[in-house]
Amino acid sequence: MDGFPTDDDLVRQKIEIEDPLLLDSLLQRARPLQEMPVLEHLYNRGSSGKKVPCAYCRDPKFPNHLKGYVLRYSDGARVLIGNRCGEHHFGQQAFKKMVETIVAQNDRRSLLIRRRAVLTAMPEFKRKTLAAVSSPQVQAYGRARRQFHSTLPQVAAAATYAVAAMGGALMHTVQVRNLDAESEREERREREAQKAGKPYVPLRQPIYKDEEQPFGTLKAGDFFMSSDAPERQLAHIVGRLEEIHQQLPALSTKNEMVAAFRGVRDCLQALKSVLDQVDRLPSALSQDNLELMAAWASARKLPGRYATKPGAVEHVNTEGALLIFTAPPMLGATDRQFVQDFENALIATQ
Ligand SMILES: [Zn+2]
């Protein structure tokens, strides 16, 4: 690896290795310094914990390093060297420079390999993400949302507000005793009685006030949000992946590539959270939620009448028409194998 290797060279040649003792042509002892060997590999015995020897140490048979380097002579012979021996033998500055160079090459190699893995796995991932838009679960979710908003518009609007502003807590107005007002009244009456020289007789009449109290909390509240339908979110993710897929081959700096990989990770995250949302449909339309909404709509005195049946909310509007929202039959969880496959492809980049 003389001179700066090309990207293709870097990808072909593994730089960081686990077991340097498996390499060919290992010399036990370093040659006298007539030829400057090149730094070929980094090794890191971290996980195995078995130390390897150093060809520059006093006793070259004594294994004393977990991390170090492989040097290669021009005829292909190799020697192992530890960090301190390297600095001692080649000079601190010179050896540091050699190490920095190979570490930089190794970093770049990781990025290039990751890029190759992303580019290889991307077409299938994009295709499956797009296919998820028309999956039965996503379609059923979209239909249920539209149906909910069209058959129960007032409940839907109020639920949307409750989720956006109160994290799903449904509030209602109740009358509670206003004890402050009662005691103020009694103090006043007592003063007046004193002034008039009459005995004070407490009045036992309660005063009430309106208070907003929680009625219950909606589960899977994102179903009721109007802004982020899963179909739209998935389409947006596909668009973002398309963009990254097109740009990635031409990116050359570390920062550019790291930013693109972050974009891929964000897409993965967003995709998982959309699928999670879709999988919460049974919870959003659970009997509990339907009953809570109907009871709450009645307590809030929303126009018309509300009642529930198993899997349905019935609404008789002010014109006397019957509108029924029926929860769709529940499907199994969304398919995530393609997400797992893509993540695995990215992990297997060493
Ligand atoms: Zn040594």
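Can you spot a residue in the range 92-113 that is over 30 Å from VAL339 (Cα atoms), at pLDDT below 90 and of a type in the set (Phe, Trp, Tyr)?
No.
Considering the range 210-241 alone, what residues qualify as being hydrophobic (A, V, I, L, M, F, W, C) and closer than 22 Å to THR160 by Cα?
Correct list: PHE215, LEU218, ALA220, PHE223, PHE224, MET225, ALA229, LEU234.
Go through (1) surrounded by 12 or more Cβ atoms within 10 Å (Cβ to Cβ); (2) at pLDDT below 90 for PHE215 and report which single condition fails.
(2)
Evaluate the following for GLY221: is it buried (at least 18 other Cβ atoms within 10 Å of the Cβ), touching a Leu at 6+ places or on another chain (Cβ under 6 Å) and modelled with pLDDT under 95?
no
Restrict the check to the range 287-299 and report whether at least one residue is surrounded by fewer than 18 Cβ atoms within 10 Å (Cβ to Cβ) and of a type in the set (A, V, I, L, M).
Yes.
Being under 22 Å from ASN106 (Cβ atoms) and within 16 Å of the ligand (Cβ to nearest atom): is that true of TYR69 here?
Numbers: under 22 Å from ASN106 (Cβ atoms): yes; within 16 Å of the ligand (Cβ to nearest atom): yes.
When the stated conditions are applied, TYR69 passes them.
Do we find a residue being surrounded by 15 or more Cβ atoms within 10 Å (Cβ to Cβ), within 23 Å of LEU152 (Cα to Cα) and of a type in the set (Gly, Ala, Ser) anywhere in the range 326-346?
yes
Conditions (1) closer than 30 Å to ASN317 by Cα; (2) at pLDDT 95 or above; (3) outside the structural domain of THR326 (by TED's automatic domain parsing); (4) not acidic (Asp, Glu), marked per residue:
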position	(1), (2), (3), (4)
GLY142	yes, no, no, yes
ARG185	no, yes, yes, yes
LYS198	no, no, yes, yes
TYR208	no, yes, yes, yes
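How many of the residues making up the range 72-85 are under 16 Å from ARG31 (Cα atoms), more than 8 Å from the ligand (Cβ to nearest atom) and surrounded by 11 or more Cβ atoms within 10 Å (Cβ to Cβ)?
Looking only at that region, the number is 6.
Of the residues ALA132, ALA165, which is aliphatic (A, V, I, L, M) and free of Cβ contacts under 8 Å to residues at least 12 places away in the same chain?
ALA165
Residues to consider are LYS97, LYS61; find the one that is basic (Lys, Arg), within 16 Å of the ligand (Cβ to nearest atom) and over 30 Å from HIS245 (Cα atoms).
Numbers: LYS97 fails: within 16 Å of the ligand (Cβ to nearest atom).
The match here is LYS61.
Can you report the number of residues in the range 287-320 which are in a loop (DSSP other than H, G, I, E, B), at pLDDT 95 or above and in contact with a Lys or Arg (Cβ under 9 Å, 6 or more places away or on another chain)?
Of the residues in that region, 0 qualify.
Does GLN246 fit the bill of being free of Cβ contacts under 8 Å to residues at least 60 places away in the same chain and part of a helix (DSSP H, G or I)?
Answer is yes for this residue.
State yes or no: is TYR56 in a loop (DSSP other than H, G, I, E, B), surrounded by 14 or more Cβ atoms within 10 Å (Cβ to Cβ) and within 16 Å of the ligand (Cβ to nearest atom)?
Details: in a loop (DSSP other than H, G, I, E, B): yes; surrounded by 14 or more Cβ atoms within 10 Å (Cβ to Cβ): yes; within 16 Å of the ligand (Cβ to nearest atom): yes.
Spelling it out, TYR56 is indeed in a loop (DSSP other than H, G, I, E, B), surrounded by 14 or more Cβ atoms within 10 Å (Cβ to Cβ) and within 16 Å of the ligand (Cβ to nearest atom).
How do the pairs read when you match residues in the range 46-69 that are among the aromatic types (Phe, Trp, Tyr) with residues anywhere that are within 11 Å of the ligand (Cβ to nearest atom) and part of a strand (DSSP E or B), using Cβ under 8 Å and keeping only pairs 6 or more apart or on different chains?
TYR56/VAL79; TYR56/ILE81; TYR69/LEU80; TYR69/ILE81
Can you pull out the residues in the range 40-53 that are within 15 Å of the ligand (Cβ to nearest atom) and assigned to a strand (DSSP E or B)? Talk me through it step by step, then tell me what you get.
Filtering the range 40-53 for residues within 15 Å of the ligand (Cβ to nearest atom) gives 43, 45, 51-53.
Correct list: TYR43, VAL52.
The values are calculated or read from the model by the stated rules, or taken from the named source; none is laboratory data. No experiment lies behind these values; they were computed from the predicted model shown. Don't worry about glycine lacking a Cβ; one is built from the backbone with ideal geometry, like all the others, and counts go over all protein chains shown.
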